[in-house]
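Everything on this sheet refers to the single structure shown next.
Coordinate-derived values only; no laboratory data. Please read all numbers here as calculations on a predicted model, not as lab measurements.
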Amino acid sequence: MGIIGTIFIGLIVGLLARFLKPGDDSMGWVMTILLGIAGSLVATYGGQALGIYQAGQGAGFIGALIGAIVLLVIYGLLRKK
């Protein structure tokens, strides 16, 4: 999957991560989508570089979702300080 596909998946992952992450998020939708794209990029290319999964596998989507949730949590913790 190319970079455009990864960004598109990141849009979807960002929205899903926002719904799955517990707690009240005061950030806007744009920031949520950007963090979803970042989580998708890191998880997709990081997981492939580490040999966890290959391009096009379903584990990449799950990894991107987990990466986006982690970024949302970290962003929320940094924003509170």
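As an equivalent ellipsoid, the chain spans semi-axes of 23, 12, 10 angstrom, where each value is the square root of five times an eigenvalue of the C-alpha gyration tensor, largest first. On full extension, the segment bounded by residue 78 and residue 16 gains 20.2 nm, given 0.36 nm per residue less the C-alpha separation.
Taking θ as phi - 60° and the Karplus parameters 6.51, -1.76 and 1.60, the scalar couplings of region 65-80 work out to 5, 5, x, 5, 5, 4, 5, 5, 5, 4, 4, x, 5, 5, 6, 5 Hz in sequence order, x denoting glycine and proline. A helix-only calculation puts the chain at -26500 deg cm²/dmol for mean residue ellipticity at 222 nm, using -39500 (n - 2.57) for each DSSP H run of at least four residues, averaged over all residues.
Taking only C-alpha pairs under 8 Å that are 6+ residues apart, what is the relative contact order of the chain in percent?
Dividing the mean separation by the residue count of the chain yields 37 percent.
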